[in-house]
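Report on one structure; see the data block that follows.
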Amino acid sequence: MAESMKGLHRTHRCTEVSNQNIGETVTVMGWVQKRRNLGSLIFIDLRDRSGLLQIVFDEPKVGSEGFAKAENLRSEFVIAVTGTVKKRAAAVNENLKTGDIEVIASDLRILSESETPPFPIEENSLTKEDLRLRYRYLDLRRPDIQRNLMMKSKVSMLLRKFMEQEGFLEIETPILTKSTPEGARDYLVPSRVHPGNFYALPQSPQLFKQLLMCSGYDRYFQIARCFRDEDLRADRQPEFTQADMELSFVDVDDVIDVNERLLQYVFKEAANVEISLPIQRMTWQEAMNRYGSDKPDTRFGMELVNVSEIVKDCGFGVFTGALEQGGSVRGINAKGQGSMPRKKIDKLVDFARDYGAKGLAYFIVNEDGSYKSSFAKFMTEEELKHLVEKMEAQPGDLLLFAADKNKVVWDVLGALRLKFGQEMGLMDKNQYNFLWVTEFPLLEWSEEENRFMAMHHPFTMPMEEDWDKIDSDPGAVRAKAYDIVLNGTELGGGSVRIHQDHIQEKMLEVLGFTKEQAYEQFGFLLNAFKYGVPPHAGLAYGLDRMVMLMMQCDSIRDVIAFPKVKDASCLMTDAPNVVDVKQLEELSLSVEQLEE
């Protein structure tokens, strides 16, 4: 039976007890991790969020009643123990912070009993994730998950401290707002008092933070909850946390300067990771050409090589056909992988098809210098020699080539590069490679929509020197946009915003909005711009992603207290779920069963 805490006060968390407390009486509380009964002595590993502490129950010290209670303890019982701190006589555990001490119990209270948990509460659990997420309240007791969430709390505090010192004001923006087009799908919330009308949950505080700049707040900051109804990945959730900021009277270099110092401060204070400044910068075009990705992992090489000039007159129709269609031929060199079996190469071809390629050409330099290739017979010895030189190939290397439109070639080889990097162990988790990617295209063509769409959002400032191409060649206009990338993951992104009426109206026109449609969707912002708006720019970090990378986790779910699974459902609460018909009626809604 559970006992009361009446008259009892915790003096220390488990690992706050140290050899400085030897001889003192302490009271600690937590969960039973493990019990070992040696007959005359019972040992308990007591766990709280700080770690483990060994408790010893000796019948002469704790009394027969206390000893009997200790005999009944099981894993996950919640207990309070008062006792004396002693130095361990033997069996010092150097892996524990409290490994050289123990508490000799004089009093025990069982505050709560526990059923046998459905899985062990232990670090690096091998239990299937679905089961752990169904019992997330137990999974959250695991020390590694607790460390992750404590780190996230620490990072949030450090962000706030830095931003305050830099003159930022923390201001909350609405959660219930208006649905606006572009970007991911909105989560919609029906209004009871406005039947047939809906709020949207914010994908980001973008428009509101721009309005705050119009209102003269100069520097805004918020740790903001955001919502996007999109397909999930290991680093993506339907609801997530942004560290969001906006600054007035700044340009690209000003934003980058503040954020480099922010990253240097937070990573050093939170994770003892040194970041040397300035952080490397690379244009979007260079990143795509070298790595096939706008968020390249620069911890390893295996860069893409453009061989279009070498193969433009060869007899291999796959190569020449792609070039005639305005595409390119590029390759990567998987060093030392020339002994790969043909079956595995065929699987790489299937992998490439998943990224839109029609196929994949391969070329192996054998150890004796001879070649084995899917296309060598179509090329002259001179062409092959130049190809090997261009690819810096050595005996034992595997060369893989893609020929198609640039986007397909980049996607395929960029993905293959990461696949090899993972399989060949080229990605050092203890290495933190930061990179600014700049000068993104302002617009990208959507085959699905048959129109240009904003690569970031409709409020991104074009580069002044490209603006004269907005009508003649919109796809060539670069944006004053920048992403901060860490080890192949986009950590954050932002841009200088448009603050001139005529540029904003033209931008919306290029995106297919009539003036009426533009004011219907964004009228509150466009009207605000009529009353004096300062030049402004901003950036937002994915806070969950930042902590995920700091803690070297494989999934963003490991740094979120109550995450969703791939279909955006919560296994613990069984959300989303049906609601009462009365609730629907109050919202003027009905649910119809669609015929299959």
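The values are calculated or read from the model by the stated rules, or taken from the named source; none is laboratory data. Note that the structure is predicted; figures quoted are calculated from it, not measured. Positions of Cβ are backbone-derived with ideal geometry, glycine not excepted, and every protein chain shown enters the neighbour counts. Note: accessible area is taken over every heavy atom of the protein model, side chains too, but ligands, DNA and RNA are not part of it. Shrake-Rupley method; radii C 1.70, N 1.55, O 1.52, S 1.80 Å.
Take the residues of segment 351-373 that are more than 37 Å from the chain's Cα centre (by Cα) and more than 13 Å from Met340 (Cβ to Cβ): which is surrounded by the most Cβ atoms within 10 Å (Cβ to Cβ)?
Restricting attention to segment 351-373, the residues satisfying the condition of being more than 37 Å from the chain's Cα centre (by Cα) are 365-373.
Filter once more, keeping what is more than 13 Å from Met340 (Cβ to Cβ): 367-371, 373.
Details: Glu367: 11, Asp368: 6, Gly369: 9, Ser370: 10, Tyr371: 15, Ser373: 17.
Ranking the qualifying residues of segment 351-373, first place goes to Ser373.
Per-residue answers, yes or no, for (1) more than 26 Å from Glu444 (Cβ to Cβ); (2) over 22 Å from the mean Cα position of the chain (by Cα); (3) open to solvent by 80 Å² or more (accessible area, probe 1.4 Å):
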| residue | (1), (2), (3) |
| --- | --- |
| Lys161 | yes, yes, yes |
| Glu164 | yes, yes, yes |
| Glu172 | yes, yes, yes |
| Lys178 | no, yes, yes |
| Arg192 | yes, yes, yes |
| Pro202 | no, no, no |
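Go through the residues of segment 263-277 one by one and say whether even a single one is touching a residue at least 12 places away in the same chain (Cβ under 8 Å), hydroxyl-bearing (Ser, Thr, Tyr) and assigned to a loop (DSSP other than H, G, I, E, B).
no
How many of the residues in segment 49-66 are open to solvent by less than 10 Å² (accessible area, probe 1.4 Å) and either out of contact with any strand residue (DSSP E or B) (no Cβ under 6 Å at 6 or more places or on another chain) or under 30 Å from Asn148 (Cβ atoms) (or both)?
Qualifying residue count, segment 49-66: 2.
Which residues, counting only those in segment 512-528, are surrounded by fewer than 16 Cβ atoms within 10 Å (Cβ to Cβ) and aromatic (Phe, Trp, Tyr)? Before you say what the answer is, go through the steps one by one.
Step one: list which residues in segment 512-528 are surrounded by fewer than 16 Cβ atoms within 10 Å (Cβ to Cβ), which gives 512, 514-517, 520, 523-524, 527.
Of everything in segment 512-528, just one residue is surrounded by fewer than 16 Cβ atoms within 10 Å (Cβ to Cβ) and aromatic (Phe, Trp, Tyr), namely Phe524.
Could you please find all residues in segment 476-488 being part of a strand (DSSP E or B) and open to solvent by less than 20 Å² (accessible area, probe 1.4 Å)?
Narrowing segment 476-488 to residues part of a strand (DSSP E or B): 478-479, 481-486.
Once the filter is applied, which keeps residues that are part of a strand (DSSP E or B) and open to solvent by less than 20 Å² (accessible area, probe 1.4 Å), segment 476-488 yields Ala479, Ala481, Tyr482, Asp483, Ile484, Val485, Leu486.
Determine the pairs where a residue that is closer than 14 Å to Phe208 by Cβ, located within segment 521-532, has a partner that is assigned to a loop (DSSP other than H, G, I, E, B) with Cβ atoms under 7 Å apart, the partner being 6 or more residues away or on another chain.
Phe522/Thr180
From the list Lys295, Lys343, which one is surrounded by 17 or more Cβ atoms within 10 Å (Cβ to Cβ) and among the charged types (D, E, K, R)?
On the way: Lys343 fails: surrounded by 17 or more Cβ atoms within 10 Å (Cβ to Cβ).
When all the criteria are applied, what remains is Lys295.
Pick out the one residue from Leu140, Leu108, Leu73 that is over 17 Å from Ile44 (Cα atoms) and either open to solvent by 20 Å² or more (accessible area, probe 1.4 Å) or not polar (S, T, N, Q) (or both). Before the answer, list the steps.
Details: Leu108 fails: over 17 Å from Ile44 (Cα atoms); Leu73 fails: over 17 Å from Ile44 (Cα atoms).
Leu140 is the lone residue from the list that is over 17 Å from Ile44 (Cα atoms) and either open to solvent by 20 Å² or more (accessible area, probe 1.4 Å) or not polar (S, T, N, Q) (or both).
Given the criteria among the small types (Gly, Ala, Ser), in a helix (DSSP H, G or I) and closer than 23 Å to Cys226 by Cα, does Gly523 qualify?
Numbers: among the small types (Gly, Ala, Ser): yes; in a helix (DSSP H, G or I): yes; closer than 23 Å to Cys226 by Cα: yes.
Answer is yes for this residue.
Applying the selection to segment 91-105, what residues are in contact with an Asp or Glu (Cβ under 9 Å, 6 or more places away or on another chain) and assigned to a strand (DSSP E or B)?
Answer for segment 91-105, where residues must be in contact with an Asp or Glu (Cβ under 9 Å, 6 or more places away or on another chain) and assigned to a strand (DSSP E or B): Ile104, Ala105.
Do the conditions hold for Asp297, that is, is it among the acidic types (Asp, Glu) and free of Cβ contacts under 8 Å to residues at least 40 places away in the same chain? So that I can check it myself, show each step before the final result.
Numbers: among the acidic types (Asp, Glu): yes; free of Cβ contacts under 8 Å to residues at least 40 places away in the same chain: no.
No: the conditions fail for Asp297.
Output the residue which, of all residues in segment 379-397 that are touching a Cys at 6+ places or on another chain (Cβ under 8 Å) and assigned to a loop (DSSP other than H, G, I, E, B), is most open to solvent (accessible area, probe 1.4 Å). Give the derivation first.
The initial filter retains those residues of segment 379-397 that are touching a Cys at 6+ places or on another chain (Cβ under 8 Å), namely 379-380, 383.
Now drop any that are not assigned to a loop (DSSP other than H, G, I, E, B), which leaves 379-380.
Values: Met379: 20, Thr380: 73 Å².
So the residue we want is Thr380.
Hey, among Gly315, Gly327, Gly331, Gly338, which residue is loosely packed, with under 15 Cβ neighbours inside 10 Å and in contact (Cβ under 8 Å) with a residue 40 or more places away in the chain?
Numbers: Gly327 fails: loosely packed, with under 15 Cβ neighbours inside 10 Å; Gly331 fails: loosely packed, with under 15 Cβ neighbours inside 10 Å; Gly338 fails: loosely packed, with under 15 Cβ neighbours inside 10 Å.
So the residue among Gly315, Gly327, Gly331, Gly338 that is loosely packed, with under 15 Cβ neighbours inside 10 Å and in contact (Cβ under 8 Å) with a residue 40 or more places away in the chain is Gly315.
Would you please name the residue that is most open to solvent (accessible area, probe 1.4 Å), looking only at residues in segment 231-279 that are aliphatic (A, V, I, L, M) and modelled with pLDDT under 95? Break it down stepwise before answering.
Keep residues of segment 231-279 that are aliphatic (A, V, I, L, M), which gives 232, 234, 243, 245, 247, 250, 252, 255-256, 258, 262-263, 266, 270-271, 273, 275, 277, 279.
Narrowing further to those that are modelled with pLDDT under 95: 232, 234.
On the way: Leu232: 26, Ala234: 53 Å².
Taking the candidates together, the pick is Ala234.
Regarding Val547, is this residue open to solvent by 50 Å² or more (accessible area, probe 1.4 Å) and among the aliphatic types (A, V, I, L, M)? Step through it out loud before you land on a result.
Values: open to solvent by 50 Å² or more (accessible area, probe 1.4 Å): no; among the aliphatic types (A, V, I, L, M): yes.
For Val547, the condition - open to solvent by 50 Å² or more (accessible area, probe 1.4 Å) and among the aliphatic types (A, V, I, L, M) - is not met.
Got at least one residue in segment 27-45 being in contact with a His (Cβ under 7 Å, 6 or more places away or on another chain), open to solvent by less than 20 Å² (accessible area, probe 1.4 Å) and farther than 22 Å from Ser75 by Cβ?
Within segment 27-45, the first condition is being in contact with a His (Cβ under 7 Å, 6 or more places away or on another chain), and the residues that meet it are 27-28.
Still in the running and open to solvent by less than 20 Å² (accessible area, probe 1.4 Å): 27-28.
When the remaining residues are screened for being farther than 22 Å from Ser75 by Cβ, the result is none.
Within segment 27-45, none of the residues are in contact with a His (Cβ under 7 Å, 6 or more places away or on another chain), open to solvent by less than 20 Å² (accessible area, probe 1.4 Å) and farther than 22 Å from Ser75 by Cβ.
Scanning for something open to solvent by less than 20 Å² (accessible area, probe 1.4 Å) and under 14 Å from Val318 (Cβ atoms), does segment 425-445 turn up at least one residue?
No, segment 425-445 contains no residue that is open to solvent by less than 20 Å² (accessible area, probe 1.4 Å) and under 14 Å from Val318 (Cβ atoms).
What tally of residues in segment 498-511 results from selecting those that are over 17 Å from Pro441 (Cβ atoms) and either buried (at least 21 other Cβ atoms within 10 Å of the Cβ) or not charged (D, E, K, R) (or both)? If you could, list the steps in order and put the result at the bottom.
Step one: list which residues in segment 498-511 are over 17 Å from Pro441 (Cβ atoms), which gives 499-502, 504-505, 508-509.
Going one step further and asking which of them are either buried (at least 21 other Cβ atoms within 10 Å of the Cβ) or not charged (D, E, K, R) (or both), we end up with 499-500, 502, 504, 508.
Residues that pass the stated criteria total 5.
Can you work out which of the residues in segment 76-90 that are open to solvent by less than 40 Å² (accessible area, probe 1.4 Å) and either in a loop (DSSP other than H, G, I, E, B) or in contact with a Cys (Cβ under 9 Å, 6 or more places away or on another chain) (or both) is farthest from Ala105 (Cα to Cα)?
Applying the filter and picking the extreme gives Glu76.
Wholly within segment 116-233, which strands (runs of 3 or more DSSP E) include no fewer than the required count, namely at least 2 residues that are in contact with a helix residue (DSSP H, G or I) (Cβ under 7 Å, 6 or more places away or on another chain) and among the aromatic types (Phe, Trp, Tyr)?
Working: elements: 188-190, 198-200, 219-227.
The qualifying strands (runs of 3 or more DSSP E) are 219-227.
Quick one: which of Ala561, Ala537 is within 30 Å of Thr460 (Cβ to Cβ), at pLDDT 95 or above, among the aliphatic types (A, V, I, L, M) and not in a helix (DSSP H, G or I)? Quick ask: steps written out before the conclusion?
Details: Ala561 fails: within 30 Å of Thr460 (Cβ to Cβ).
Of Ala561, Ala537, the one residue that is within 30 Å of Thr460 (Cβ to Cβ), at pLDDT 95 or above, among the aliphatic types (A, V, I, L, M) and not in a helix (DSSP H, G or I) is Ala537.
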